[in-house]
Amino acid sequence: MKQLNQITEPGQKYLPFLECLDRVNLIIQRADDLEQMMQSLLHEMLAMFDCDRAWLLYPCDPQADTWEIPMECTRPAYPGAMAAGVKHPMEAHIAETMQLCLDSQEPFTLRPGIDVSDPAEAARQYQVESMLCLAIYPKTGKPWLFGLHQCSHPRVWHTNEKRLFNEIGNRVSEGLNSLLITRDLQDSEERFRHAFEFAGIGMGLLTMEGRWIRANQVICTMLGYEESQLQQLTFQELTHPDDLIAGKDELQRLVSGEVPFIQFEKRYRHRNGHYLWAKLTTSIVRDDKQQPRYFVSQIENIDQRKHAEDELALLSFALNRVGESVFLMSEDARFRYINDEVCRQLGYTRDELLHKLTVPDIDPGCPLSRWQAHWQELKQEQTITLESNHTSKCGKQIPVEINANYFEYNNQGYNLALVRNVSERKRAELAQQEVEQALREQEVKFRQMAENIEEVFWLTDISKEQVLYVSPAYETIWGLNRDNLYQFPKQWINAIHPEDRDRVYWAAHHLQASGEYDLEYRVIQPDGTVRHIHDRAFPIHDESGEAYRIAGIAQDISYRKEQAAHIHYLAYHDALTDLPNRALVMDRLAHASAQADRHKEILAVLFLDLDRFKTINDTLGHPAGDSLLQQAAKRLKTTLREEDTIGRVGGDEFLILVSELTTLEDVGHVADKILKALSAPFLVADYELYVSASIGISLYPRDTDDADALIQYADTALYLAKEQGRNTFRFFSPELDSSVRTRLHLENDLRSAIDKNQLFLQYQPLMDLETGHCSGAEALLRWQHPEHGLISPDDFIPIAEETGLIIPIGEWVLSQACLQAKLWQDAGMVDFRVSVNLSRRQLEQAGLPATLRQILHETGCPPQLLELEITESSTMSHPEQAIIRLNALHEMGIGLALDDYGTGYSSLAYLKRFPLDRMKIDRSFVEGIPDDSDDVAIVQTTIVMARQLRLKVVAEGVETSAQRAFLKALGCDEIQGYLFAKPMSAGDVRNHCAVVWEKHKK
């Protein structure tokens, strides 16, 4: 330091200064921790400044009660003067000196014996003749004082020394901040690691895509995985499907920064497959640009709590549904629990009863003294029953029956009381004598009334099976003597119409226990007159509540029945001609087509129109036209058979159904017979009119199996007959479009087909072989090309697979099919499932379960109404992956079927692991049964194997009754094919299923 003060040459002026700073910098740079750095610096300062003591004071707080020197370096001549780590009381002059150092903008100097007249005791005690110190302000914590003492003499600190000391202080401050920050960061990381690894709840770090980065042992134990296994999964794969949708919006708000964290309860799937409840708290770590880096999640296992809450909620729910009041009381007569019925009965709030009232407040007849006596009795007897009166909030007296039960819990006694409001019973008891008296008085009046009413009033004794009373109206309605009924109680039932007798007899005997029935039946009077009866019975109970008598009223409703029949007739018949109207004809058409199917016969639909009727109507007037229609209707009736249907469907148009035909010639003979019958003159308004007719004919099932289409085709043929000269008949013959349209740029057209909504779905119904009803339908994709017309799926589906268009097309098909399934469900088609073919590329999509979950959510379709059909080949390219995907779909409630079984190369080892519900036998094996022995063996083996795997079996391509009968005999569950139904529109599916239902209902 003497060299620093003695240098005068300009070139060497800063050399010692820089050398000192270099040594200081080297110490700071090499330091690994704070203590090492400061101890080395103190040694260097002692030598550099040639002083007696270098020291460090921390914290520098003049307001503190004590101060200490945590670190110092002293020459041997002055040992122990300021021993490190010794706390000293904070004296005023020490605090003042500290404050002066803190306030100084440059190094602070002090010579206690020279600069101050009365040096501090500490200066004398610690032999301080001169001091140089500097305040250092780290970024964290309180200031530090860095100082030097000269103990041998009152040293004067030169400017260069102060400047060097100040610069060293700056370097120390920077090094100090760096080490403090590093130490804090290390401490923070160690605390985080310790908190992460040893936390009492699960903690995990996840990527923004949801993949696990880190998971502590609590999470691993909770979910049954090793950390390395979890790192191969995403939280989506471990989350219950319903909770993924529920937490989607909250997660998006967290990612967008709207909220600092999210917290909700969800279910995680354990490795063994079961789900457990957990409380999830998640935040996001972001980078300097506030972009999300990863999730930090805390997962608390609340499964036991949820189950306990469910049990408590169930208990509370059950107690609140009990029709009796439930009290839980302690020995001090306070209420510890009440159910909702207590509040309803007494009018008090739950808070008032639990926190303000006691038993004497609601039961004035039970003061505390009596309560204590009751308590001792209850404690001894454990259970007692008594009656009392409760007082409601409004002062109403409520008679009650109390069933008190004593038990102890945690050494505390309790009274669980079930309280029943017996107001009605009390009123009944009080009124019993009055009622009995009134009954005796009313009996006389009743007999007087019963003797004069038009209905039959009757009374029987159940145990004696005797008729106690029947009113005189019985003789009018039944036509029998009522005195004989007392001797022969079955007389009345013997007079019932034979078709109704068994039903009435069963009701009278099997419903005897309840004594209630409400029946309509017919009786036949001795003269053969049939009367319609409405008979209502109701029980009469004794004091124990048992039915011991049955009373009833039988009313003659013959006139009402006649009126109803007449109204029904008018609803289905033409008022002018008395012929069936369109509604009745359509109903009979459905029955006739079903009969034609059963007997393999021809059903002809004839659409008849009177030629030039409008001219006659306009010329002679509407009365004349009406007369002509009535006469034409009569001729048609006499011309056709009784089993044929003739209906007037409007104006001069008639619709005729002719069944049980075997050849087209039979149809022609009938049409020709009708034309000849109508060719004879009609006498109308004193005019002899010659009227001809034109007939259009469609045939079932040759032309179509759709009722509306049959009528439309017959109408088309009718106009053809009119165009070709009238007074004739023509058969419908649809032209086939023989032109072949060139298919150019099919791939590009397919892309535009998606945008232009050229795709549509048809549905082919499936038949349940046990019931014969429609059990579901397969959705079939169709493409209506604007130039080429309807393109076969065999032509465009492979292109869609190759180009990847099958993904958006498949999603569209799934969405439309689910929407239609929901519409059918809303229309009353219960448990009517829709099957959709799932391609290989769709099955390989990782987001397939999420896509289907979204579609089901948007369409409102229950998952059990959707069935996905997969082929053997689509599952065998990546079987393990397919098993995971299919399990995820099956857990959602979606049905799975293996399509075209037998045409692929599936492994039975994998087949048994697939979560399948159905197996579909390919049409290529169904074609040869029951004649081809190989096909028979394959089909029979397939059905047996499916039964062993607990799968339903569906046979495709069933086209003959023999095939259907053979499959049913083998135990096949469902069939699909043209024998039952062709692919059709959604509307036709509903009509078809309705026809099938009506057919089997008959």
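Some observations on this one:
- For the stretch 209-258, filtering for residues that are assigned to a helix (DSSP H, G or I), among the β-branched types (V, I, T) and open to solvent by 30 Å² or more (accessible area, probe 1.4 Å) leaves 4.
- Verdict on D931 being under 30 Å from P241 (Cβ atoms) and among the acidic types (D, E): no
- Scope the stretch 561-585; condition more than 47 Å from the chain's Cα centre (by Cα) and in contact (Cβ under 8 Å) with a residue 24 or more places away in the chain; matching residues: K561, D574, L576, T577, D578, L579, P580
- Subset of the stretch 941-953 (residues that are part of a loop (DSSP other than H, G, I, E, B) and either within 12 Å of I929 (Cβ to Cβ) or touching a helix residue (DSSP H, G or I) at 6+ places or on another chain (Cβ under 8 Å) (or both)): L949
- Pair list, Cβ < 8 Å and 6+ apart or interchain, from the stretch 528-541 residues that are among the aromatic types (F, W, Y) to residues that are surrounded by 15 or more Cβ atoms within 10 Å (Cβ to Cβ) and modelled with pLDDT of 90 or more: none
- Test: L661 is closer than 18 Å to L710 by Cα and modelled with pLDDT under 90: yes
- Of all the residues in the stretch 396-426, those that are part of a loop (DSSP other than H, G, I, E, B) and open to solvent by less than 40 Å² (accessible area, probe 1.4 Å) number 1.
- Filter result for D609 (outside any helix (DSSP H, G or I), in contact (Cβ under 8 Å) with a residue 40 or more places away in the chain and among the charged types (D, E, K, R)): yes
- Of the residues examined, K676 is one that is open to solvent by 10 Å² or more (accessible area, probe 1.4 Å) and modelled with pLDDT of 90 or more.
- Test: residue in the stretch 291-300 that is outside any strand (DSSP E or B), open to solvent by 40 Å² or more (accessible area, probe 1.4 Å) and closer than 19 Å to T234 by Cβ: no
- Matching option when the condition is part of a loop (DSSP other than H, G, I, E, B) and of a type outside the set (F, W, Y), among A564, A624, A632, A575: A575
- F264 open to solvent by less than 60 Å² (accessible area, probe 1.4 Å), assigned to a strand (DSSP E or B) and touching a residue at least 60 places away in the same chain (Cβ under 8 Å): no
- The single condition from (1) over 20 Å from the mean Cα position of the chain (by Cα); (2) open to solvent by 40 Å² or more (accessible area, probe 1.4 Å) that I870 fails is (2).
- Cβ-Cβ distances below 7 Å connect the following pairs, each with a first residue in the stretch 33-46 that is touching a residue at least 60 places away in the same chain (Cβ under 8 Å) and more than 19 Å from E19 (Cβ to Cβ), a second residue that is basic (K, R) and open to solvent by 10 Å² or more (accessible area, probe 1.4 Å), and a separation of six or more residues or different chains: L34/R183.
- Meets criteria (modelled with pLDDT under 75 and of a type outside the set (S, T, N, Q)) for A92: no
- Residue, least open to solvent (accessible area, probe 1.4 Å), within the stretch 810-831, restricted to residues that are assigned to a helix (DSSP H, G or I) and not hydrophobic (A, V, I, L, M, F, W, C): G810
- Pairs linking a residue in the stretch 940-957 that is of a type in the set (A, V, I, L, M, F, W, C) to a residue that is open to solvent by 90 Å² or more (accessible area, probe 1.4 Å), with Cβ atoms under 8 Å and 6 or more positions apart or on different chains, are A946/K952; L949/K912; V953/R947.
- The set of residues in the stretch 651-668 being surrounded by 12 or more Cβ atoms within 10 Å (Cβ to Cβ) and either not aliphatic (A, V, I, L, M) or not in a strand (DSSP E or B) (or both) consists of G651, D652, E653, F654, S659, E660, L664, D666, V667, G668.
- The residue that is most open to solvent (accessible area, probe 1.4 Å), counting only those in the stretch 901-919 that are of a type in the set (A, V, I, L, M) and at pLDDT 85 or above, is L916.
- Of all the listed residues (Y569, Y548, Y559), the sole one being over 30 Å from I646 (Cα atoms) and either outside any loop (DSSP other than H, G, I, E, B) or of a type outside the set (G, A, S) (or both) is Y548.
Conditions tested, residue by residue: (1) of a type in the set (A, V, I, L, M, F, W, C); (2) closer than 30 Å to D706 by Cβ; (3) open to solvent by 20 Å² or more (accessible area, probe 1.4 Å); (4) not in a helix (DSSP H, G or I).
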site: D899; (1), (2), (3), (4): no, yes, no, yes
site: S924; (1), (2), (3), (4): no, yes, yes, no
site: D934; (1), (2), (3), (4): no, no, yes, no
site: I938; (1), (2), (3), (4): yes, no, yes, no
site: A955; (1), (2), (3), (4): yes, yes, no, yes
site: L967; (1), (2), (3), (4): yes, yes, no, no
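- Index of the failed condition, K464 passing every other in (1) among the basic types (K, R); (2) more than 20 Å from F335 (Cβ to Cβ); (3) assigned to a helix (DSSP H, G or I); (4) open to solvent by 90 Å² or more (accessible area, probe 1.4 Å): (3)
- Those residues of the stretch 691-712 which are touching a Phe, Trp or Tyr at 6+ places or on another chain (Cβ under 8 Å), in contact (Cβ under 8 Å) with a residue 24 or more places away in the chain and not small (G, A, S), in sequence order: V691, I695, I697, L699, D703, L710, I711
- The stretch 589-600 residues that are closer than 20 Å to Q712 by Cβ and in contact (Cβ under 8 Å) with a residue 24 or more places away in the chain, paired with ones that are of a type in the set (A, V, I, L, M) and not in a helix (DSSP H, G or I) (beta carbon under 7 Å, 6 or more apart): L589/L657; A592/L603; A592/L657; S593/L603; A596/I602; A596/L603
- Residues of the stretch 467-494 classified as in a helix (DSSP H, G or I), farther than 18 Å from V504 by Cα and either of a type in the set (K, R) or open to solvent by 50 Å² or more (accessible area, probe 1.4 Å) (or both), total: 7
- Number of the condition not met by W997 [criteria: (1) open to solvent by 60 Å² or more (accessible area, probe 1.4 Å); (2) closer than 15 Å to D706 by Cα; (3) at pLDDT below 90]: (2)
- Restricting the stretch 823-877 to residues that are over 22 Å from M919 (Cβ atoms) and among the small types (G, A, S), the residue that is modelled with the lowest pLDDT: A846
- The single residue among D527, D535, D502, D518 that is in a helix (DSSP H, G or I) and either at pLDDT 80 or above or surrounded by fewer than 18 Cβ atoms within 10 Å (Cβ to Cβ) (or both) turns out to be D502.
- Among residues of the stretch 134-146, those that are part of a strand (DSSP E or B) and either in contact (Cβ under 8 Å) with a residue 40 or more places away in the chain or open to solvent by 20 Å² or more (accessible area, probe 1.4 Å) (or both), counted: 5
The values are calculated or read from the model by the stated rules, or taken from the named source; none is laboratory data. Since we're looking at a predicted model, the values are computed, not measured. We place every Cβ from the backbone using ideal geometry, glycine too, and count neighbours over all the protein chains shown. The area values use the complete protein model at the heavy-atom level, side chains included, leaving out ligands, DNA and RNA. Shrake-Rupley method; radii C 1.70, N 1.55, O 1.52, S 1.80 Å.
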